[in-house]
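What follows draws every value from the coordinates through simple rules; no lab data is involved. A quick note: this is a predicted structure, and the numbers were derived from the prediction, not measured. Using ideal geometry, Cβ is built from the backbone for each residue, glycine included, and neighbour counts are taken over all protein chains shown.
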Amino acid sequence: MTKIYFVRHAQPLYRTHDDAGRGLSPRGLIDRERVTDFLLDKGITAVLSSPYCRAADTVRHFADTVRLPIIHVPDFREREVAGEWIEDFDTFCRRQWADFAYRLPGGECLREVQERNLAGLARVLEEYEGQSVVIGGHGTSISTVLNHFDPSFGYEGFESIRRLMPWIVRLDFEGDTFLGLESYNIMD
């Protein structure tokens, strides 16, 4: 069985509007140690991550502790929203979840994000078959993957994890056959 642990990043520095370069807040730097504590006994053989700083920095403490490199996988990056900061993010999110083809000019729709993430996941399942793997990622991108395997996971599911940072969900596979998932709120 292949176990994929998707780790949603810890709390970022919100004042930094550069999506790819946004790192972790002081609280996020502390909370990533919870990720390490959770993952230490899971037999992880590879650490992958979105190339965005906040995702990689969330799994970095674990990777350093177990002496594994972080492999950046562009397919696991967060969605491209648009070329500017969105003030009314709630309305934007609701609209995207209601219509997977909706996008702002220069941005991605959720269908594109889902397809990109599933393509990355397919390569991971092939390359790391039978192993336990960590993937540092983002709330929206991970949510689109969950939606693929469980269509009832929509806007409400996304909203339920939106403020959980970090958050972990394990997806189990036999080959490329999805067996099930389990989520973990490590912030309790």
- Query: Looking at segment 148-166, is at least one residue touching a Leu at 6+ places or on another chain (Cβ under 7 Å), within 29 Å of D41 (Cβ to Cβ) and surrounded by 16 or more Cβ atoms within 10 Å (Cβ to Cβ)?
  - Reply: yes
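Hey, can you tell me all the residues within segment 93-114 that are crowded, with 16+ Cβ neighbours inside 10 Å and either in contact with a Gly (Cβ under 9 Å, 6 or more places away or on another chain) or assigned to a helix (DSSP H, G or I) (or both)?
Filtering segment 93-114 for residues crowded, with 16+ Cβ neighbours inside 10 Å gives 93, 96-97, 100, 103-104, 107-110, 112-114.
Passing the criteria: C93, Q96, W97, L104, G107, L110, E112, V113, Q114.
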- Item | Residues being part of a loop (DSSP other than H, G, I, E, B) and closer than 16 Å to R162 by Cβ - total across segment 64-92 | 5
- Note on the structure: L118 fails exactly one of (1) surrounded by fewer than 19 Cβ atoms within 10 Å (Cβ to Cβ); (2) in contact (Cβ under 8 Å) with a residue 24 or more places away in the chain; (3) out of contact with any strand residue (DSSP E or B) (no Cβ under 9 Å at 6 or more places or on another chain); (4) not in a helix (DSSP H, G or I), namely (4)
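If I go through segment 55-91 residue by residue, how many of them are more than 28 Å from G130 (Cα to Cα) and out of contact with any helix residue (DSSP H, G or I) (no Cβ under 7 Å at 6 or more places or on another chain)?
Matching residues across segment 55-91 total 11.
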